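A.B. asks: Starting off with a structure, shown below.
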Amino acid sequence: MPKLANESDLQYKRRVIDIKSASFCGAKWFNATIWLGSGQTTSCHHPLPHQVSVEEVTVNPKALHNTREKKNDRALMQDGLRPAGCEYCWKIEDMYKDPKYAGVDTGTPISDRVYKTVIYDDGDLNEAFNTSPEQDINLQTLEIAFDRTCQFACSYCNPAFSSTWVKDIRRNGGYTNLVSDGRNHFTHEHDSSQLYTITDVNPYVEAFFKWWETDLHKTLKELRITGGEPLMSGYTWRLIDWFQANRGASKTRLAINSNLGFEQDKLERLLDATEGIELDLYTSNESIGRHAIYIRDGLDWDQWTSNLVYLLDGKRLRGLHVMCTINALCLLSLSEFLWKIVELKKKYGKDAINFSLNILRFPSFQSPLVLPIEFRQQAAGELVRFHLANTQILHEFEMNQVKRLVDYLQEVDTPHSGALSKEILQRDFKNFYEQYDQRRGKNFRETFPQLVDWYNTL
Ligand code: SF4
C-alpha cells in the first residue's frame, strides 16, 4: 500500500524511505525509460541516459533495465550513498543547506525520489531494498520508445526524436548561426538516436519483445509508449497485435503518447485491439489554430480537435491528457487554448480530459522568457483570470501548474542557471525562426503579427 490516509509526503518519506537509507529511490529498481532505437536507458528523466550492452541483452533481455550502472547505483542507495547521476534530487534536498537560508524555517525539501517511490507497494519496496543489487529486478512501470518515426517536426523538437526533422536536416543542412544551448539539436541528423534502419533487425527491440512475451507482460503495471509518434511505428502495432491475440493475458495498463495527426481509423484500430485493457492517451498542444500549426509543424488543427472529440465521445479511455510545452510562441493563445479544454471538461466531465503545463527550458532561445516583459505580463494576467474563473472545474494539480506558470512568467528571468544573456537568446530566436520559415514554407510575421515590431528589432 503506498501512502496511508492523511499521511503527508514528509511522513511517508520518514516511514518508508528514510528507514531504508538516506538515498533510497524506488525508481532505480522498478521504473525505466528505454530508447530501443539508441539502446539507451535511464531510471527516470533526470539522470542522463546510458548505453545498454547489446551483447548482454542478446542473452538476457532483462539487461535492458538491469544494467551494470543501475546495479551499481542500487548498491550505493542500499548503503545510503548518492549516485552521481541523480544530482537533480540531491540538489533539491541540499537546497536549504545554503547559508543564505540560515535561520529561515524552510521545512524539509521533498525531491522527486519521494514521488517516484510512493507509487509502489511498501512490501515490494522492502523486498527490493533487501535484494542483492546484482539480482535482476522486474519492472513495474516502463516508458519505451521503439524508434523516432514521426510525421511532425515541431519547432521545439529535434532529429533525435523525429524522422521528419531528420529529413529537414538531410535536405537543407544544419541550422546555422545559433550559439546558445540546444544549438546542436538542430545542426546534425543525430544518427546515434537510431542505430538500426527500419529494415535491420534491432537487437534491443527483439530483446524487449522476448522479455515482454515471456515475463514482463505478467509483472508490468504500466507501459507507456512514446516516440517519435508511436502509432507510426510498426513495432507499436506489433505490440498492439499481441494484446489483441492474447486478450486477458496481461493486466498491464497501457499509455500512449500520440500527436493525433492521422485519420480516425487508426484510433479505431487502437481502441478495438486494446479492448479490456486500461488505456490512457497523452497528446500534445499548447496554442490555437494557426499558432499551433506554426509551432507543431505537421499538425492539422481540425483533425487534432476532431480526434479529441472522437476519443471523448467513445468514453473508452481511462484518461485523455493534453501535455502543453510552454514555449515563447504559445503564450499568445495559451489561455484561449486552456479555455477550450475547459469547454470539453464541462461537456464530458472534469476527469475526462486533463492538462499539464511543462515549461520549456531547452533550447533556451525558445523559452517563454525570451519575450519582452509586456507579453509575459499579458499572458500571466490572462492565466490568472482563467484560473479564477475555473476553480470548480479544474483539478488541484492543474490549478497549481497554472499558478506556477504565472509566477514563472512574472518572476523568473533566465531559463536555467547556465543560460546565456537574453540578447543572445533573442538573436538565436530570430536566427532560428528565419531559417524555420524558409525550410517549412511558414511565415512568422503573418502568424504572429503582435510580435512583429519586437521581432524586427532583433
Ligand atoms: S533519486 Fe531522483 S533522479 Fe535518481 S532515479 Fe530517483 S527520482 Fe530519479
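The values are calculated or read from the model by the stated rules, or taken from the named source; none is laboratory data. Note that this is a predicted model, so its numbers are computed, not measured. All Cβ positions, even for glycine, are placed from backbone atoms using ideal geometry, and neighbour counts span all protein chains on display.
A.B. asks: Could you identify the single residue in D168, D215, D181, D200 that is part of a helix (DSSP H, G or I) and at pLDDT below 95? Don't jump to the end; show me each part of the working.
C.D. replies: On the way: D168 fails: at pLDDT below 95; D181 fails: part of a helix (DSSP H, G or I); D200 fails: part of a helix (DSSP H, G or I).
Just one listed residue meets the conditions, D215.
A.B. asks: A follow-up question, please. Please go through the range 26-45 and pick out each residue that is part of a loop (DSSP other than H, G, I, E, B) and touching a strand residue (DSSP E or B) at 6+ places or on another chain (Cβ under 9 Å).
C.D. replies: We begin by selecting, within the range 26-45, every residue part of a loop (DSSP other than H, G, I, E, B); these are 26, 36-39, 43-45.
L36, G37, S38, G39, S43, C44, H45, listed by residue number.
A.B. asks: Does the range 338-352 hold any residues that are farther than 12 Å from L308 by Cβ and either in contact with a His (Cβ under 6 Å, 6 or more places away or on another chain) or not basic (K, R) (or both), and which are they?
C.D. replies: L338, W339, V342, G349, D351
A.B. asks: If I ask for residues that are among the acidic types (D, E) and under 21 Å from I225 (Cα atoms), which ones from the range 112-159 would you list?
C.D. replies: Restricting attention to the range 112-159, the residues satisfying the condition of being among the acidic types (D, E) are 112, 121-122, 124, 127, 134, 136, 143, 147.
Residues satisfying the conditions are E143, D147.
A.B. asks: Now, a different point. Could you say which residue among D280, D302, D272 is farther than 30 Å from Q435 by Cα, part of a helix (DSSP H, G or I) and without any contact (Cβ under 8 Å) to a residue 60 or more places away in the chain? Outline the logic, then answer.
C.D. replies: Working: D280 fails: part of a helix (DSSP H, G or I); D302 fails: farther than 30 Å from Q435 by Cα.
One residue alone meets the criteria, D272.
A.B. asks: Right, here's the next one. Go over the candidates L76, L48 one by one and state the one that is within 16 Å of the ligand (Cβ to nearest atom), outside any strand (DSSP E or B) and either more than 23 Å from S111 (Cβ to Cβ) or touching a Gly at 6+ places or on another chain (Cβ under 9 Å) (or both). Walk me through it before giving the result.
C.D. replies: Details: L76 fails: either more than 23 Å from S111 (Cβ to Cβ) or touching a Gly at 6+ places or on another chain (Cβ under 9 Å) (or both).
From the options L76, L48, the qualifying one is L48.
A.B. asks: So, of the residues in the range 419-458 that are charged (D, E, K, R) and within 27 Å of the chain's Cα centre (by Cα), which turns out to be farthest from G174 (Cα to Cα)?
C.D. replies: We begin by selecting, within the range 419-458, every residue charged (D, E, K, R); these are 422-423, 427-428, 430, 434, 437, 439-440, 442, 445-446, 453.
From what is left, the residues that are within 27 Å of the chain's Cα centre (by Cα) are 422, 428, 430, 437, 439-440, 442.
Numbers: K422: 23, D428: 14, K430: 16, D437: 14, R439: 11, R440: 14, K442: 18 Å.
This residue is K422.
A.B. asks: Name the residue that is nearest to the ligand (Cβ to nearest atom), counting only residues in the range 107-139 that are touching a Leu at 6+ places or on another chain (Cβ under 8 Å) and at pLDDT below 95.
C.D. replies: Our first condition is that a residue be touching a Leu at 6+ places or on another chain (Cβ under 8 Å); within the range 107-139, this holds for 107-108, 110, 117, 138-139.
Narrowing further to those that are at pLDDT below 95: 107-108, 110, 138.
Details: G107: 19, T108: 16, I110: 11, N138: 17 Å.
Across the range 107-139, the extreme among qualifying residues is I110.
A.B. asks: Would you confirm whether or not the range 361-371 contains a residue that is polar (S, T, N, Q), part of a helix (DSSP H, G or I) and touching a residue at least 24 places away in the same chain (Cβ under 8 Å)?
C.D. replies: The answer is yes; a qualifying residue exists.
A.B. asks: In the set K20, K62, K91, K71, which member is without any contact (Cβ under 8 Å) to a residue 40 or more places away in the chain, of a type in the set (K, R) and either within 10 Å of the ligand (Cβ to nearest atom) or outside any strand (DSSP E or B) (or both)?
C.D. replies: K91
A.B. asks: Q11 versus (1) more than 16 Å from the ligand (Cβ to nearest atom); (2) modelled with pLDDT of 95 or more; (3) touching a Leu at 6+ places or on another chain (Cβ under 9 Å): which is the lone unmet condition?
C.D. replies: Only one criterion is unmet by Q11, namely (2).
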